[in-house]
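Trainee: Pasting a structure here, questions to come.
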Amino acid sequence: MPYFLYVTVTTVRILIDFLQLALCINAIISWLPVDDDNVFVLLLDRICAPVLYPVRLLVEKSELLSSLPIDISYILTYIALMIIGVFLPVITI
């Protein structure tokens, strides 16, 4: 694998890992009684919102998923990022 491709794949993999960690922390914080004006909560929301927004739109359009009592968009986004992370090295070969 050429060096440039290796660096690109590694960088994307690190970003995916960071997003997965941010999603987990944001999901846990959403269950805790934390002030919405907290700087850390606002930062996590700014990181996770652009990734979650398209998935939330798809969940709202689906009758089956929108009727669930929990926000399943975190789980679906995490799984999508995991699949991208798994297949990223395979795509570049």
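The values are calculated or read from the model by the stated rules, or taken from the named source; none is laboratory data. Just so you know, these numbers come straight off a predicted model, no measurement behind them. Cβ sites come from the backbone with ideal geometry, for glycine too, and all protein chains shown count toward neighbours. What goes into the accessible areas is simple: the full protein's heavy atoms, side chains included, and nothing from ligands, DNA or RNA. Shrake-Rupley method; radii C 1.70, N 1.55, O 1.52, S 1.80 Å.
Trainee: Do you know which residues across segment 35-72 are in contact with a Phe, Trp or Tyr (Cβ under 9 Å, 6 or more places away or on another chain) and closer than 14 Å to C24 by Cβ?
Mentor: Kept after step one, since they are in contact with a Phe, Trp or Tyr (Cβ under 9 Å, 6 or more places away or on another chain), are these residues of segment 35-72: 47-48, 52, 55.
The answer is I47, C48, L52.
Trainee: Would you call I14 over 9 Å from the mean Cα position of the chain (by Cα), free of Cβ contacts under 8 Å to residues at least 40 places away in the same chain and surrounded by 14 or more Cβ atoms within 10 Å (Cβ to Cβ)? Spell out how you get there, then give the answer.
Mentor: Working: over 9 Å from the mean Cα position of the chain (by Cα): yes; free of Cβ contacts under 8 Å to residues at least 40 places away in the same chain: yes; surrounded by 14 or more Cβ atoms within 10 Å (Cβ to Cβ): no.
Answer is no for this residue.
Trainee: Return yes or no: is F40 aromatic (F, W, Y), modelled with pLDDT under 90 and either part of a helix (DSSP H, G or I) or loosely packed, with under 12 Cβ neighbours inside 10 Å (or both)? Show your work before the answer.
Mentor: On the way: aromatic (F, W, Y): yes; modelled with pLDDT under 90: no; either part of a helix (DSSP H, G or I) or loosely packed, with under 12 Cβ neighbours inside 10 Å (or both): yes.
No, not satisfied.
Trainee: When only residues in segment 43-93 that are of a type in the set (A, V, I, L, M, F, W, C) and not in a helix (DSSP H, G or I) count, which is least open to solvent (accessible area, probe 1.4 Å)?
Mentor: Start the filter on segment 43-93 by keeping residues that are of a type in the set (A, V, I, L, M, F, W, C), which leaves 43-44, 47-49, 51-52, 55, 57-59, 64-65, 68, 70, 72, 75-76, 79-84, 86-88, 90-91, 93.
Keeping just the survivors that are not in a helix (DSSP H, G or I) gives 68, 70, 72, 93.
Details: L68: 73, I70: 95, I72: 30, I93: 167 Å².
Restricting to residues being of a type in the set (A, V, I, L, M, F, W, C) and not in a helix (DSSP H, G or I), the top hit is I72.
Trainee: Turning to a different aspect of this structure: Checking I25 against (1) touching a helix residue (DSSP H, G or I) at 6+ places or on another chain (Cβ under 9 Å); (2) open to solvent by 90 Å² or more (accessible area, probe 1.4 Å), which test does it fail?
Mentor: Exception for I25: condition (2).
Trainee: Go through segment 1-11 and count every residue that is surrounded by 11 or more Cβ atoms within 10 Å (Cβ to Cβ) and under 27 Å from F40 (Cα atoms).
Mentor: Of the residues in that region, 1 qualify.
Trainee: Only residues in segment 27-46 that are under 20 Å from I72 (Cβ atoms) count as the first member; pair them with residues that are hydroxyl-bearing (S, T, Y) and part of a helix (DSSP H, G or I), Cβ under 7 angstrom, at least 6 apart or cross-chain, and list the lot.
Mentor: A27/Y74
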